[in-house]
Amino acid sequence: MLDQAKELYASIGVDVEQALAVMAKTPISLHCWQGDDVGGFEGGEGELGSGLAVTGNYPGKARTLDELRQDLEKALAVIPGTHRVNLHAIYGDFSGGKADRDAIEPEHFQSWIDWAKALGIGMDFNSTNFSHPKADDGFTLSHPDPGIRDFWIEHGRRCRKIGAAMGEQLGSTTVTNVWIPDGMKDLPADRNGYRQRLEESLDRIFAEELPREHHLDAVECKLFGIGSESMVVGSHEFYLGYAIKNQTGLCLDAGHFHPTESLADKISSVLMFVPELLLHVSRGVRWDSDHVVILDDPTRQIMQELVRCEALPRTHIGLDFFDASINRIAAWAIGTRAAQKCLLMALLEPAEALRAAELAGDYTTRLSLFEQLKAMPWGVVWEEFCQRNGAPGEMDLLASVQAYEREVLAARN
Ligand code: RNT
Ligand code: ZN
């Protein structure tokens with residue numbers, strides 16, 4: 001079947017082996033927070049808040065660091081290829097004593113780094129500017145109170161150092177992302193003041209230069225959240241401007257724009273002016289609901305742009321969803337594999353033929369080719385990719401996760 005598929009693709013000018021080679025060297029950063037509903041290991045029983053909401057109560061949630069790692073290992077085993085793990089600052093190893101956000105050190109993440117090293121994977125990192133008493137009134141880095149700003153600035157500085165330590169020890173650049181919930185429910189009187197304070201705080205966080213081969217900063221914009229409907233301080237315009245001015249990475253989350261807006265359309269523009277891109281591949285249903293990613297048009301279009309713009313070397317693909325209403329390992333596996341399937345489909349496009357038709361003004365051929373491609377045997381190539389990487393094919397994925405549920409997750413309740 002593979003040979004037939006290869007022949008068919010070759011007849012339209014597509015090299016299947018080439019696509020498989022790119023797939024094999026494109027990691028996706030698995031967000032640890034799908035494993036425990038954005039809980040973390042600080043020990044508090046606090047509400048999530050800050051506009052983040054996880055619905056569902058599916059049994060078997062990881063309750064400890066060891067359980068979360070065990071679950072991540074299972075997820076990584078059923079996802080073909082070599083990937084990365086993306087941590088939030090609340091996921092430190094506090095077995096040697098608790099540390100507040102303004103006191104965390106690389107040592108609190110050493111056991112994670114050792115774990116990742118043993119698995120041969122890279123890691124990414126995030127400051128956690130929520131689920132904390134100092135974030136309860138909705139503001140962190142733009143807070144009018146300088147004491148609160150200082151607390152979160154210290155947190156941000158420490159997170160960068162932790163990210164750099166991860167990158168150095170693992171020999172692979174760590175992206176450290178900043179997302180803050182700061183915003184207003186109702187109409188603000190001084191948008192400008194909040195944004196000026198945010199810029200000043202970010203400048204102080206990023207003041208120290210860290211080696212680029214170990215560490216990349218990214219800033220994540222958002223349109224609105226629950227409780228920040230009238231203004232998000234870190235809007236798209238704010239962070240696009242900030243990232244261009246300071247040449248940091250920019251994080252685009254698929255749930256953070258108007259529902260009719262296309263993240264895919266932004267990629268070619270943004271990459272003209274910012275050095276690197278971080279993606280939070282997600283699926284918003286009516287709002288930034290963080291549903292599990294599926295093989296849908298918005299995700300396909302994102303991957304098409306990454307391939308067509310030759311943007312993969314400058315893009316860090318991360319995921320951001322959290323669903324507690326289904327098996328959490330299945331959520332990781334289904335979401336990550338869906339993103340990979342979209343990427344594979346994009347890599348199997350006849351780029352030259354499409355461009356030639358477009359440049360010749362032959363939009364009939366272009367549209368026809370796009371439709372034809374949907375009926376090509378990309379699924380055969382996907383199965384081959386799974387097999388070569390020792391991951392279950394589509395027909396066997398669910399049974400593999402269900403066996404883990406019976407053998408491991410069931411004992412947790
Ligand atoms: C929130 C942002 C942010 C978080 C995670 C937990 O709207 O998308 O990236 O989802 O950091
Ligand atoms: Zn996000």
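For the stretch 11-23, does any single residue satisfy the condition of being more than 16 Å from ligand 2 (Cβ to nearest atom) and closer than 24 Å to Trp179 by Cα?
No: the stretch 11-23 contains no residue that is more than 16 Å from ligand 2 (Cβ to nearest atom) and closer than 24 Å to Trp179 by Cα.
From the list Gly241, Gly227, exactly one residue is more than 16 Å from ligand 2 (Cβ to nearest atom), open to solvent by 20 Å² or more (accessible area, probe 1.4 Å) and on the phi > 0 side of the Ramachandran plot. Which is it?
So the residue among Gly241, Gly227 that is more than 16 Å from ligand 2 (Cβ to nearest atom), open to solvent by 20 Å² or more (accessible area, probe 1.4 Å) and on the phi > 0 side of the Ramachandran plot is Gly227.
Regarding Met345, is this residue more than 30 Å from Gln247 (Cβ to Cβ), in a helix (DSSP H, G or I), in contact with a Phe, Trp or Tyr (Cβ under 8 Å, 6 or more places away or on another chain) and not charged (D, E, K, R)?
When the stated conditions are applied, Met345 passes them.
Exactly one of these conditions fails for Gly361: (1) exposed (fewer than 12 other Cβ atoms within 10 Å of the Cβ); (2) assigned to a helix (DSSP H, G or I). Give me its number.
Only one criterion in (1) exposed (fewer than 12 other Cβ atoms within 10 Å of the Cβ); (2) assigned to a helix (DSSP H, G or I) is unmet by Gly361, namely (2).
Evaluate the following for His256: is it within 11 Å of ligand 2 (Cβ to nearest atom), surrounded by 14 or more Cβ atoms within 10 Å (Cβ to Cβ) and either over 17 Å from the mean Cα position of the chain (by Cα) or in a loop (DSSP other than H, G, I, E, B) (or both)?
On the way: within 11 Å of ligand 2 (Cβ to nearest atom): yes; surrounded by 14 or more Cβ atoms within 10 Å (Cβ to Cβ): yes; either over 17 Å from the mean Cα position of the chain (by Cα) or in a loop (DSSP other than H, G, I, E, B) (or both): yes.
Yes.
Do any residues in the stretch 261-290 that are in contact (Cβ under 8 Å) with a residue 60 or more places away in the chain have Cβ atoms under 6 Å from those of residues that are away from ligand 1 (no atom under 16 Å from the Cβ) and open to solvent by 30 Å² or more (accessible area, probe 1.4 Å), where the two are at least six apart or on different chains, and which pairs are they?
From the stretch 261-290, the pairs are Glu276/Arg314.
This table checks each residue for (1) over 19 Å from Ile28 (Cα atoms); (2) part of a strand (DSSP E or B); (3) within 16 Å of ligand 1 (Cβ to nearest atom); (4) of a type outside the set (Val, Ile, Thr).
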{"residue": "Thr140", "(1), (2), (3), (4)": "yes, no, yes, no"}
{"residue": "Ile148", "(1), (2), (3), (4)": "yes, no, no, no"}
{"residue": "Trp152", "(1), (2), (3), (4)": "yes, no, yes, yes"}
{"residue": "Gly167", "(1), (2), (3), (4)": "no, no, no, yes"}
{"residue": "Val175", "(1), (2), (3), (4)": "no, yes, yes, no"}
{"residue": "Arg195", "(1), (2), (3), (4)": "yes, no, no, yes"}
{"residue": "Asp203", "(1), (2), (3), (4)": "yes, no, no, yes"}
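If I ask for residues that are under 18 Å from the mean Cα position of the chain (by Cα), of a type outside the set (Gly, Ala, Ser) and within 14 Å of Trp112 (Cα to Cα), which ones from the stretch 34-68 would you list?
Residue satisfying the conditions is Leu68 alone.
If the requirement is being under 17 Å from the mean Cα position of the chain (by Cα), at pLDDT 95 or above and among the hydroxyl-bearing types (Ser, Thr, Tyr), which of these qualifies: Ser11, Ser29?
Just one listed residue meets the conditions, Ser29.
Run Cys251 past the list (1) open to solvent by less than 10 Å² (accessible area, probe 1.4 Å); (2) away from ligand 1 (no atom under 16 Å from the Cβ); (3) within 25 Å of Arg191 (Cα to Cα) and report the number of the one that doesn't hold.
The number of the failed condition is (2).
Taking interchain pairs and intrachain pairs at least six residues apart, which have beta carbon atoms under 8 angstrom, with the first residue in the stretch 303-332 and open to solvent by 40 Å² or more (accessible area, probe 1.4 Å) and the second within 14 Å of ligand 1 (Cβ to nearest atom) and small (Gly, Ala, Ser)?
That search, which allows pairs on different chains as well, returns His316/Ser29; His316/Ala218; His316/Gly249.
Please count how many residues of the stretch 110-157 are polar (S, T, N, Q), open to solvent by 10 Å² or more (accessible area, probe 1.4 Å) and over 21 Å from the mean Cα position of the chain (by Cα). Spell out how you get there, then give the answer.
Our first condition is that a residue be polar (S, T, N, Q); within the stretch 110-157, this holds for 110-111, 126-129, 131, 140, 142.
Still in the running and open to solvent by 10 Å² or more (accessible area, probe 1.4 Å): 110-111, 131.
In the following step, the residues that additionally are over 21 Å from the mean Cα position of the chain (by Cα) were identified as 110-111.
Of the residues in that region, 2 qualify.
Out of curiosity, is Val38 open to solvent by less than 50 Å² (accessible area, probe 1.4 Å), closer than 13 Å to Arg328 by Cβ and at pLDDT below 95?
no
The values are calculated or read from the model by the stated rules, or taken from the named source; none is laboratory data. Just so it is clear, the structure is predicted and the values come from calculations on it, not from any experiment. In this analysis, Cβ positions are derived from the backbone assuming ideal geometry, glycine residues included, and neighbour counts consider all displayed protein chains. All accessible areas refer to the heavy atoms of the entire protein, side chains included, with ligands and DNA or RNA removed. Shrake-Rupley method; radii C 1.70, N 1.55, O 1.52, S 1.80 Å.
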